[in-house]
1. Sort 96-103, 125-132 by packing, meaning the average of other beta carbons within 10 Å per residue, with the highest value first.
2. Of the residues S22, S135, S33, which exhibits the maximal mean-square fluctuation in a Gaussian network model of the chain defined by a 10 Å Cα contact cut-off?
3. Would you mind estimating how fast region 140-180 diffuses translationally, via Stokes-Einstein at 20 °C and 1.002 mPa s with the Kirkwood radius over Cα pairs, in µm²/s?
4. Can you grab the distance from the C-alpha centre of region 147-193 to the C-alpha centre of region 53-88, Å, no decimals?
5. Tell me, what is the 1.4 Å probe accessible area of F72, in Å² to the nearest 10?
6. K70: which lysines have alpha carbons under 19 Å from its alpha carbon, excluding same-chain residues fewer than 8 sequence positions away?
7. Using the Kirkwood radius over Cα pairs, work out the Stokes-Einstein diffusion coefficient for region 119-164 at 37 °C and 0.692 mPa s, in µm²/s as a whole number.
8. Using 7 Å Cα-to-Cβ label points, what is the N174/D89 separation (nm, one decimal)?
Amino acid sequence: VVKKILLEENIDVSNGPLIGISVSQSIASFAKSEERHNWYVGLMAQVADYLIDKLNATVIFVPEVIGPGKAFDDRVIGTLILDRVNHKDRNLCITSEYQPEELRGLIRQCDLFIGARMHANIAALSMHVPTVAISYSHKTPGIMRMLGMEEYALDFRNMTFEELKGKIDDAWENREEIRKDLKLKMEAVRNQA
C-alpha cells in the first residue's frame, strides 16, 4: 500500500533522505494574528528549504486533518508553504485523502519528522522516527516528555528559526541513537498499556 502511495504522490525515496512535516491549519487560531500566521508559513518554508540545502532531502507535508472545511484542512496551509519555498521540485504536499494506517505507513518511510499535529507526532514516534515537535497545546510536550524526547519539543508561540534549526540538526545527527531509544521506550509503553 505504501509503495502505491509513494508512486501516486510522486515521492522518490531513493534520492536523499525523506523528511516528513506535519503542519497545522488550526495553528491559525493559535497565531491570533494574520502576521503570526504568515510568520509560521514563512518559517516552515524556510525549514523545508534548509533541509533540502543541508541534507539534499525530499520534504513531504503530511496532512493529519483534512476538515471539516478549509479552516481545519492541513492541505491548505501546506499549499501556502509550498508557494513560498525555493525548491519546489523537492517539496511535496500530500493532497489525496488517506486512511490513518496509510498515513502511518508513509510516515514510517521518513528519516526525520517535524510535526505540529500531535497524532502525526505520535505516529512517527511509535514507529521510531526521530521527531521534532512544534507544540501549540499542553498535550504535545507531555507526550514528548513521556518518551524522554522533551528536548525536541518547541513552543510555537516563542520559537525561532535558529532554535528549530538547532533541534532539527541535533535530531538528525543523533537519529540512530534516537531510533534505538524510541524502540526500547515504545516497547515499555506498550507493555504498560
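1. 125-132, 96-103
2. S33
3. 197 µm²/s
4. 21 Å
5. Here the residue's solvent-accessible area equals roughly 100 Å².
6. Cα-Cα hits under 19 Å: K32.
7. Rounded, D is 307 µm²/s.
8. Output for this residue pair reads 3.6 nm.
The values are calculated or read from the model by the stated rules, or taken from the named source; none is laboratory data. Computed from a prediction, not measured in an experiment: that's the story for all the values here. Note: ideal-geometry Cβ built from the backbone for every residue, glycine included; neighbour counts use all protein chains shown. The protein model used for the area step is the full one, side chains on, heavy atoms only, and it has no ligands, DNA or RNA in it. Shrake-Rupley method; radii C 1.70, N 1.55, O 1.52, S 1.80 Å.
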